[in-house]
Amino acid sequence: MIDLKDFSYKELEDFLVDMGEKKFRAAQIFKWLHLGVTDYDEMTDLSKALREKLRQISYVSVLEIEQKFVSKLDGTVKYLFRLPDGNCIESVVMRYHHGLTICISSQIGCRMGCRFCASTIGGLYRSLTAGEILNQVIFAEKDMGERISNIVLMGIGEPLDNYDNVLKFIHNVNNEKGKNIGLRHITLSTCGVVPGIYKLADENLPITLTISLHAPNDTIRDSIMPVNHKYKIAELIEACKYYTDKTNRRLSFEYSLIHGVNDSIKNADELARLVKPLRAHVNLIPVNKVEERDFKKGSREEINAFLERLTERGVNATIRRELGSDISASCGQLRKKAREITEE
Ligand code: SAH
């Protein structure tokens, strides 16, 4: 059986034409899918016969809300969604002055192994399909009853390790017949899968690319991010240059400040040297505590001193505002808990 949400728009058209239907049916079905309709009988502009035919060879996938947490501090909503195969993923909806942003997952687990990250602890279970990635937007929006205008691929998983499905998702969610979310409102975050960055650059899409750098030199990066054994910082920066030249989009770097590991003033100087030629923005994130990991954040003063040093060196940097801190909104932690409970 085929999940209709795993088709690109063109594939959906071809599928319908092969069934002996007219092409325009694709637009009708695509619209319903993106509205979160899951029962063919609710697709009221399709004939009964077509609905029946569709039911026999395809299905509309769903995500169930397993748990939902609403932050009392800032209204951030965190969903633990259950997939039809029993696995759980997380998505977080944040409220900014320009609208709702959803942070979504691209895989169940992750095989990148970053030492400070909760998502990677059990390794990779599997990648999400294009439909499953999209469903997070569809079902969060349906539940919130409000339009989601921005998407960040910064939840569980490494999006460039699930390249084809992520790309299909981006095109589908951008399609004006569906959610119509502008490419400039979509951000993809990667730990630095270099070949994926080149490939993405060649797609020439005006999405925003964010690199999880977290270290200013190879010694530190090797010790906290195994991906660095494969692609060194120099290669990563080279790929970033290619990306900005090709797409004319400025990129940004994520830098989690881990006390005693990467947060000295010397590290700030090294970081400034690295990112300045790219005119990139640096997002500083005081590292979130993960139970199994022994990483701590520095004091407010230390974090501010790091920021000030970067600014003095001419780098455009900010400290990431922590949202939903009362519901542990940063990804990976809830799914891990849910797995532990199911496995007990
Ligand atoms: N795999 C992608 C996207 C998922 S992680 C990537 O690496 O970019 C989303 C962001 O959260 C990344 O920048 C990641 O490094 C960061 N992150 C993971 N665990 C963290 C923690 N404990 N504290 C702060 N940031 C963390």
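Read-outs: derived from the displayed coordinates by stated rules, not from any lab. Just so we're clear, the structure is a prediction, and the values are computed from it rather than from any experiment. Please note: Cβ atoms are built from the backbone with ideal geometry, for glycine as well, and neighbour counts cover all protein chains shown.
Quick rundown of the values:
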read-out: Summed residue charge, Cβ within 14 Å of Asp222's Cβ, Lys/Arg positive, Asp/Glu negative; value: +2
read-out: Within the stretch 2-59: Cβ-based charge dipole about Cα centre, in debye rounded to nearest 20 (Lys, Arg +1; Asp, Glu -1); value: 160
read-out: For Arg115, net neighbour charge (Lys/Arg +1, Asp/Glu -1) across residues whose Cβ lies under 12 Å away; value: -1
read-out: Degrees between helix 265-275 axis and first principal axis of the chain (Cα, 0 to 90, nearest 10); value: 50
read-out: Dipole of the chain, positive end: most advanced residue of Gln67, Gly324, Phe253 [Cβ charges, Cα centre]; value: Phe253
read-out: Residue-averaged [θ]222 nm for the chain, counting only DSSP H segments that reach four residues, each worth -39500 (n - 2.57); value: -11500 deg cm²/dmol
read-out: Evaluated over the stretch 71-112, the Cα radius of gyration and Dmax, each in Å; value: 12.6, 37
read-out: Pair-distance profile P(r), taking every C-alpha pair of the stretch 145-213, with 10 angstrom steps and integer %; value: 19, 56, 21, 3
read-out: Gyration tensor over alpha-carbon atoms, the stretch 161-318, equivalent ellipsoid semi-axes in Å; value: 29, 17, 16
read-out: The chain, relative contact order in percent, only Cα pairs under 8 angstrom and at least six apart counted; value: 16
read-out: Descending semi-axes in whole angstrom, ellipsoid equivalent of the stretch 204-254, from the Cα gyration tensor; value: 23, 11, 8
read-out: Convex hull volume per residue for the stretch 174-262, taking Cα atoms only, in Å³; value: 99
read-out: Whole-number D in µm² s⁻¹ for the chain, Kirkwood Cα-pair radius fed into Stokes-Einstein, 37 °C, 0.692 mPa s; value: 155
read-out: If the convex hull is drawn through the Cα atoms of the stretch 173-212, its volume per residue in Å³; value: 65
read-out: Positive dipole terminus of the chain, leading residue within Thr120, Ala305, Leu80 (C-beta point charges); value: Ala305
read-out: Cα-based equivalent ellipsoid of the stretch 29-74: semi-axis lengths in Å, sorted from largest, via gyration tensor; value: 31, 12, 7
read-out: Charge sum, other residues only, whose C-beta stays under 10 Å from Leu284's C-beta, Lys/Arg counted +1 and Asp/Glu -1; value: -1
read-out: Most to least packed among 216-226, 26-36 [average Cβ atoms within 10 Å]; value: 26-36, 216-226
read-out: Taking N as its residue count, the alpha carbon Rg of the stretch 2-59 over 2.2 N^0.38 Å; value: 0.98
